[in-house]
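To keep things clear, I will list the structure first and then write my remarks on it.
Please treat every number below as a calculation from the coordinates, not as lab data. All of these numbers come straight from a predicted model, not from anything done at the bench. Backbone-built Cβ (ideal geometry, glycine too); neighbour counts: all protein chains shown.
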Amino acid sequence: MSVDTARILPLRNGAGTNPKIVAKNIQKYFGNVLAMEDISCSINEREFVAIIGPSGCGKSTFLYLIAGFEKASHGELLINNVPITGPGPDRGIVFQEFVLFPWLTVLRNVTLGLDIKGVQRQEAEERARKWIRLTGLSGFEDAYPSTLSGGMKQRVAIARALTYDPEVLLLDEPFGALDVQTKNYMIQDLQNLWLEANRTIVMITHSVSEAVQLADRVLVLSSRPSRIIADVAIKLPHPRDLRDPLLRRHEDEITAILSAEVDKAMSLERQASAKAERRGS
Amino acid sequence: MSVETSDVRLERYDLSTAPFGAMVGIGRAALIVVPLILWELCSRFGLINGFLFPPPSMILYKLWVQSGPIGNPPYAIWWHVAYSMLRLLSGITLAVGIGTLIGVALGMSRRARLVFQPIISILMPVPTLAWTPVLLLLIGIDNRTTILVVFLAAVFEMIYIVASGIEMMNVKMLWVAQSMGATRWQIFWRVIIPGIFPYLITGTRLGTGYAWRALIAAEMLAASSYGLGFMIYDASEYMNMDVIYGGVMLIAVLGYVLENVLIGKIEAATTEKWGVLNER
């Protein structure tokens, strides 16, 4: 990537060099099935890391391990050098399917994290309104989620996760349920939000273009049992334009790694099913 | 769990007359009024036995007299209704509270479910009235007996529906609350209870229906002075057909009010406003 070095610009706010999240030899079994073989990585403070991989490779599982919803079978997972033992308000989560609370208005969904902390209602609303404004939801504070479009629901979910001020924002395929137009719009917005929020972000995605457009680093996972097969740094300033040739080059590079991996997985799968068929006949 | 209905609103239970206007309203009223008029005429002109089928006007008159100061005892109808309602609402409240707690416990723990499912499945179909003789021997003719009958009639439905509501709930809702640092107590009140609200409403509605039927029957066996069931039973001893029919009419009207108007109001203020569908 010698081409890029000439163009390195100081990253906005500078992704720090202190490791925020460290994974050491993470292994995860579901029953007897090995889902994660060996994952080791380090995610720095204020870094935006995208994790990409073939479907079913366990990228969401890795995110849930960081979130504390699931436990690793082996290995060590640290946040601020402290082992992760369960979910906590230092990590905010946004799911593909939004998971809003339908009985709460937009404003109450967004303030919930602060309500739970016991923050005064007035202060909670003030802090919520900031993120409601930045996510473009002003005017919808009193609407119930069922009346919102998919893109707006996702904005509520993002505002909800940012309002209680987590150090790390975990995004689980945040644009997966959105149509293309809404998605492109949200990607632009997320870049600006990130500049504003200045947090560590870990995003799971299966879209290479999303990953290269948003992230400082893209980790590519292998198919199951998963390992990290590539760690690509994208040293381009934000906001990024998908037509930028350098961005295209990264996109092609990662796509190539990914399709080689998918090809390998598919041929293995075919061999296995052919073997099973021969055994059957 | 509840399905959001932003795009397609499935108004399965909406009986508003809007699309057909007055026609439906007239049809509905006619189905109640016309048979009553026929009954009235047949009874008055001796086409049917006037003792077994006293004219509706006489029945209503009897109800009117019995709810006034010259009733026997004075204001009798009000007392009967008040006692029945007291027993019903106490029993239902107990059933909703205890049923919700047990249902949540069963829903949250797979092990508890495996242990308790069979016993609940066995007890659920036992007609509540079958317990009444036992309760009568244990407690005697007392409000507690009828309240317990109401409780038993409603509680199994509550447990069952709440447990399945929890099972249907998106576990990610709990995750979101956990990652906000919510305590178990906060998760219970802020996520689980509102999350299963559509099921709570359905359970309460079904449970109230069962309980209402069980109550009237239990009052015939286990009430000594007041209650609509007692009123009908007592009237049958004296062959007061008008009181019997009056009691039946009151039961029908009160049951309708409870199930549709009262619970309907709660529904409109909660799940309908939220745009989630009630599970039935």
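Each part reduced to its alpha carbon centroid, segment A:125-183 and segment A:216-252 end up 25 Å apart.
So if R0 is 30 Å, what FRET efficiency would B:ILE139 and B:THR183 give, r being the distance between their Cβ atoms, rounded to the nearest 0.05? Walk me through the numbers on the way to the answer.
Working: r = 39 Å, r/R0 = 1.31.
Given R0 = 30 Å and the Cβ-Cβ separation, E is 0.15.
Taking every C-alpha pair closer than 8 Å and separated by at least 6 residues, the mean separation divided by the residue count of segment B:63-122 gives a relative contact order of 14 percent. Computed on chain A, with alpha-carbon pairs under 8 angstrom and 6+ residues apart, the relative contact order is 25 percent. Considering helices alone, the calculated mean residue ellipticity of chain B at 222 nm is -22000 deg cm²/dmol, with DSSP H runs of length four and up weighted by -39500 (n - 2.57) and normalised per residue. Model label sites at A:ASN81 and A:LYS130, defined 7 Å from Cα along the beta-carbon direction, differ in position by 2.8 nm. Looking at segment B:53-274, the pairs of alpha carbons with a distance over 23 Å make up 54% of the total. Pairing the Cα long axis of helix A:150-163 with the longest principal axis of chain A, what angle in degrees results, from 0 to 90 and rounded to the nearest 10? Between the helix axis and the principal axis of chain A, the angle is about 70 degrees.
Neighbouring Cβ atoms from other chains, within 10 Å of the Cβ of residues in B:264-270, number 0 on average.
Note on B:SER179, A:SER209: ascending count of other Cβ atoms within 10 Å places them as A:SER209, B:SER179, the fewest first. Shielding value for A:98-107 is 6, the average number of Cβ atoms from other chains within 10 Å of each residue's Cβ. Counting only the Cα atoms, segment A:87-204 fills a convex hull of 96 Å³ per residue. When chain A is modelled as a GNM with alpha-carbon springs shorter than 10 Å, which of A:LEU148, A:LEU221, A:LEU112 fluctuates the most? Result for chain A, Cα springs under 10 Å: A:LEU148 fluctuates most. Can you give the FRET efficiency to the nearest 0.05 for B:VAL65 and B:VAL24, using r as the Cβ-Cβ distance and R₀ = 25 Å? Efficiency, rounded to the nearest 0.05: 0.10.
Between rounded, prolate and oblate, where does the protein assembly as shown land on the alpha carbon gyration tensor, with a ≥ b ≥ c its root eigenvalues, rounded for a/c under 1.5, else prolate if a/b exceeds b/c?
Numbers: a/c = 2.83, a/b = 2.46, b/c = 1.15.
Prolate shape, in that a/c is at least 1.5 and a/b is the bigger ratio.
Please label the shape of segment A:103-165 as rounded, prolate or oblate, based on the square roots a ≥ b ≥ c of the eigenvalues of the alpha-carbon gyration tensor (a/c under 1.5 means rounded; beyond that, a/b larger than b/c means prolate, else oblate).
Working: a/c = 1.81, a/b = 1.59, b/c = 1.14.
It is prolate, given that a/c is not under 1.5 and a/b is the larger ratio.
Taking the number of Cβ atoms within 10 Å of each Cβ as an exposure proxy, the fewest-first ranking of A:THR85, A:THR135 is A:THR85, A:THR135. Within a straight-line Cα-Cα reach of under 14 Å, B:LYS273 can be paired with the following aspartates and glutamates, leaving aside sequence neighbours fewer than 8 residues apart in one chain: A:ASP142, B:GLU4, B:GLU11. Does chain A classify as rounded, prolate or oblate by the C-alpha gyration tensor (a ≥ b ≥ c root eigenvalues; a/c under 1.5 gives rounded; else a/b over b/c gives prolate, otherwise oblate)? In terms of gyration-tensor shape, prolate. Among the DSSP helices (H) of chain B, those spanning at least 18 angstrom by Cα along their long axis with an average Kyte-Doolittle hydropathy of -1.0 or more are B:22-44, B:76-108, B:110-123, B:143-168, B:197-222, B:241-256; this is a geometric and hydropathy rule only.
Applying the Karplus relation 6.51 cos²θ - 1.76 cosθ + 1.60 with θ = phi - 60° to segment A:23-40 yields 3J(HN,Hα) values of 10, 10, 6, 6, 10, 9, 9, 10, x, 9, 8, 7, 8, 10, 7, 6, 10, 10 Hz, where x marks Gly and Pro. Dividing the summed -39500 (n - 2.57) terms of all DSSP H runs of n ≥ 4 by the residue count of chain A sets its mean residue ellipticity at 222 nm at -13000 deg cm²/dmol. Each label point was placed 7 Å from the Cα along the Cα-to-Cβ direction; for B:ALA105 and A:GLU37 their separation is 4.7 nm.
Largest mean-square fluctuation among A:GLY113, A:GLY58, A:GLY31, in a Gaussian network model of chain A whose springs join Cα atoms under 10 Å apart, belongs to A:GLY31.
A viscosity of 1.002 mPa s and a temperature of 20 °C, combined with the Kirkwood radius over Cα pairs in Stokes-Einstein, give a translational diffusion coefficient for segment B:22-145 of 109 µm²/s. Modelled this way, with points 7 Å down the Cα-to-C-beta line, the labels at B:VAL34 and B:MET85 are 3.4 nm from one another. Listed by chain and number, the aspartates and glutamates whose C-alpha is less than 20 Å from the C-alpha of A:LYS275, apart from same-chain residues fewer than 8 away, are A:ASP263.
Dipole of segment A:134-281, Cα-centred, from +1 at each Lys and Arg C-beta and -1 at each Asp and Glu C-beta, to the nearest 20 debye? Please report the intermediate quantities before stating the final value.
Values: 18 positive and 21 negative charges, 138 e Å.
With Lys and Arg at +1 and Asp and Glu at -1, about 660 debye.
Cβ crowding within 10 Å, taken as a proxy for footprinting-reagent exposure, orders B:VAL134, A:VAL218 from fewest neighbours to most as B:VAL134, A:VAL218. Result for chain B in a Gaussian network model with C-alpha springs under 10 Å: among B:GLU167, B:GLU40, B:GLU157, the largest mean-square fluctuation is at B:GLU40.
Please report the relative contact order for segment B:53-274, taking Cα pairs under 8 Å with a sequence separation of at least 6, and give it as a percent rounded to a whole number.
Working: 248 pairs, mean separation 60.0, N = 222.
Relative contact order for segment B:53-274 comes out at 27 percent.
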